[in-house]
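Contents: one structure, followed by commentary.
FYI, it's all coordinate maths here, none of it is from the lab. Model, not experiment: these values are computed from the prediction. As a convention, Cβ positions derive from the backbone with ideal geometry for all residues, glycine included, and neighbour counts pool all protein chains shown.
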Amino acid sequence: MSADTRPRLSETIGRQRRSFRAWRGQRPYWAGLLTLLAGIPIMYIPYANLTIGSLTVRMATTAGAGSLIIGVLLVVLGLTMWFQPASRVFAGVAAILLSLVSLVVSNFGAFLIGFLLGLIGGALAVSWAPGKPGRAEAAEDTDGPRGRADDGAGDGFDAFGGGRPAAAGAGGSRGVLDDLSGKSPTNGTNGRHRAG
């Protein structure tokens, strides 16, 4: 290796690490990993042989094919969580249900290892939500609601505030919120509004 290749190698590794971190942040990465890892013991243990000295114990059950199917499906659901994050809720619920079924079919969910990994991975997938853009991305977005100025009509309604009334003192005739929902004490009770 020459002196020129060493900085390039570290830059390449750093760039790949940053891109992996960005990829991981856009999907339920840990949920997919745990679900994928749950499928491995569930499909392996029913077909494994345990040898103790000269005694061979086969842990196969009558539903060995069922445990293989459950394990393969859990691996596929883990990959689905990674590569199709929009279907994370379906994949998470399916992983939870398959983990529960593995208790009965596959040696108590591969001795509770696969069962617990599948339950935790499915719960993480169901509860995961995409993050908000970082400060750098928000600062670059000048065409959005923050980048436009209010038209200054003074009607008490913030046109670009997502449909919310403007803050007190920002407009309106009385300097209060012009809330027409019927919940404000300035509008009367029971949803009745003033006529004038």
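Key figures for this structure:
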| quantity | calculated |
| --- | --- |
| Extended-chain gain in nm, criterion 0.36 nm per residue less alpha-carbon gap, THR51 and PHE111 | 19.9 nm |
| VAL76 versus ARG18: modelled label distance in nm, points set 7 Å from Cα along the beta carbon direction | 3.8 |
| Stretchable slack from GLU11 to TRP30, in nm (0.36 nm times residue separation minus alpha-carbon distance) | 4.2 nm |
| Gain upon complete extension [LEU100, PHE83; 0.36 nm per residue less C-alpha separation] | 3.7 nm |
| Radius 10 Å from Cβ of ALA125, net charge of other residues (Lys, Arg +1; Asp, Glu -1) | +2 |
| The range 33-132, Cα convex hull volume normalised per residue, Å³ | 80 |
